[in-house]
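Inspection log for the structure reproduced underneath, given as structure tokens.
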Amino acid sequence: MRKTLGWLLSLVVLIGTMGAAGSTAQAATAAEPAAATDIKDQILGIPGMSLIEEKPYPGYRFFVLNYEQPVDHRQPSKGTFKQRLTLLHKDVSRPSVFFTSGYNLNTNPRRSEPTTIVDGNQVSLEYRFFNPSRPDPADWANLDIWQAASDQHRIYTALKKIYTKNWLATGGSKGGMTATYFERFYPRDMDGVVAYVTPNDVVNKEDSAYDRFFAKVGTKECRDKLNAVQREALVRREPLEAKYAAAAAENGWTFTTVGDLDKAYEAVVLDYVWAFWQYSMLADCATLPTAATASDQEIWDSVDAISGFSAYTDQGLETYVPYYYQAGTQLGSPDIKQAHLGDLSRYGYQPPRNFVPRDIPMTFQPQVMRDVDTWVRNNAHQMLFVYGQNDPWGAEPFRLGYGARDSYVMTAPGANHGAKVAGLLDGEKALATQKILQWAGVAPATNLFGTAKAQPLAAPDAQLDQRDLEREPQLRL
């Protein structure tokens, strides 16, 4: 928390020292205190915490855990469910980073960029309603951003008793949104927030910012090439849908949720341009086929590689139902005009309602994102937002108002949805790194001249530091 108890702890230590000095010689020769309780035993001593497994990793302890959470934090008597989390334990003397992807949990040891910068511990949490962290039976009305923030608050409160140093919240994309919402509802918990590529769809029906983005991103040559392939995929709908039907039969894909194969096909094709800029770099334009001379197979392969033909099958949607539910109830989702498709598009950007089973009720709440945006503008304190220049999600970013303090919005040139502090321009990278270290309560490393240098404190680790850039579903409403 942003309150220091150092003076109180010092007073307690001072009193204890004075008491020890006045004790008898017999006390001075008493047996040495017992060894500190093992960190695993400390963690499992938290009520509601249970161990799934411990995985060895050099220099760390890594635990996969379950924590018992209320289904409804407003009415705890309604029952509980088990929520998965992982803990990458470095040392209780180090700061801690609370990471969430906003989706499922990766149960392998991973370290986010802020964790590397501060050389700290990392708690990673699976978002509620993503299996297996789903109540049974599932009342979908309990899937909202306040309930998810309250999940984080309870876990933080429990672990703070063990990990007493500073805490940062972080995440990318929906994970960055999650970190931001956590800060909005529980602003006294974290000492800082580092939110990457975080969308901010304040007015759901106003999406002209995305149209302006796609009109200028990259180069005209690349934009024209992408648009031509996308258009060609709809011109050749009949032969390519025949391929789709064959692939569906081979893989056991079905289309009950979206409605039929034709709707799923067009949804994949309409993702093509967006998904390219989200996950690819400008240099990747050279690998795109030339629409006019490409074979059906080349068009198919390009769309499949970039958008993924499995995405809108029942099997592809199943994992992401909680996401689409939130997009259609609170988060909102962007829509873009694609004039180059003309009347070839039969459905346009389909809403999240089309990607959630019909037996799950959904009602959009337009005030939720407005509330978060207003709060961030007026109250952001020790928050850093990092965006990628060529990432579509940056078209509607968070912005800071006069009420924000010690907070920043930075953009990595040429970066996509994988933008990081490391990709910022040198001056901003140094400032961002310095702030992350400062908020975490740790000093920057010193150089050969003995002066402080803002740089990551942990040594690079190819396995721990790899970013699992999940191919997140597109938001369309």
**OP:** Write out the chymotrypsin sites (Phe, Trp or Tyr not before Pro) in the stretch 379-441 meeting two conditions: DSSP loop, and at most 12 other Cβ atoms within 10 Å of their Cβ.
**Re:** TYR402
Subject >> DSSP-loop GluC sites (Glu not before Pro) across the stretch 157-253, with at most 13 other Cβ within 10 angstrom >> reply: GLU206
Original post:
What longest range of the chain stays clear of loop-exposed trypsin sites (Lys or Arg not before Pro) (DSSP non-H/G/I/E/B, at most 15 other C-beta within 10 angstrom)?
Top reply: 206-336
Original post:
Put a dot 7 Å past each Cα toward the Cβ at THR254 and LYS220; how far apart are the dots in nm?
Top reply: 5.0 nm
**OP:** Would you mind calculating the gained length between ASN106 and VAL203 on full extension (0.36 nm times residue separation, minus the Cα-Cα distance), in nm to one decimal?
**Re:** 31.7 nm
**OP:** Report the antiparallel proportion of the DSSP beta bridges in the chain as a percent, rounded to a multiple of 5.
**Re:** 50 percent
**OP:** Determine the equivalent ellipsoid of the stretch 149-293 by diagonalising the alpha-carbon gyration tensor, then write out the semi-axes as square roots of 5 times the eigenvalues, largest first, rounded to whole Å.
**Re:** 41, 21, 14
Original post:
Between the helical axis of 220-235 and the dominant principal axis of the chain, each derived from Cα atoms, what acute angle in degrees is found, rounded to the nearest 10?
Top reply: 60 degrees
Original post:
Separation between the GLN75 and GLU54 pseudo-spin-labels, each 7 Å from Cα along Cα→Cβ, expressed in nm?
Top reply: 4.0 nm
Original post:
Under a 1.4 Å probe, what is the accessible area of the chain per residue, stated in Å²?
Top reply: 44 Å²
**OP:** Heavy atoms only, probe 1.4 Å: what % of the accessible area of the stretch 333-456 goes to carbon and sulfur, would you let me know?
**Re:** 52 percent
Subject >> 0 to 90° range, to nearest 10: angle between helix 6-21 axis and the chain longest Cα axis >> reply: 30 degrees
**OP:** Measure off 7 Å from each Cα along the Cα-to-Cβ vector at GLU238 and THR157, then give the distance between these two points in nanometres to one decimal.
**Re:** 6.4 nm
Original post:
How far is helix 174-185 tilted off the main Cα axis of the chain, in degrees rounded to 10, range 0 to 90?
Top reply: 50 degrees
Original post:
Residues in the stretch 396-435 near a label at ASN378, defined as backbone nitrogen under 16 Å from the 7 Å Cα→Cβ point?
Top reply: 399-405
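The values are calculated or read from the model by the stated rules, or taken from the named source; none is laboratory data. Quick caveat: nothing in here was measured; it's all calculated off a predicted structure. In this analysis, Cβ positions are derived from the backbone assuming ideal geometry, glycine residues included, and neighbour counts consider all displayed protein chains. For the accessible areas, the whole protein counts, side chains as well, though only heavy atoms, and no ligand, DNA or RNA atoms are used. Shrake-Rupley method; radii C 1.70, N 1.55, O 1.52, S 1.80 Å.
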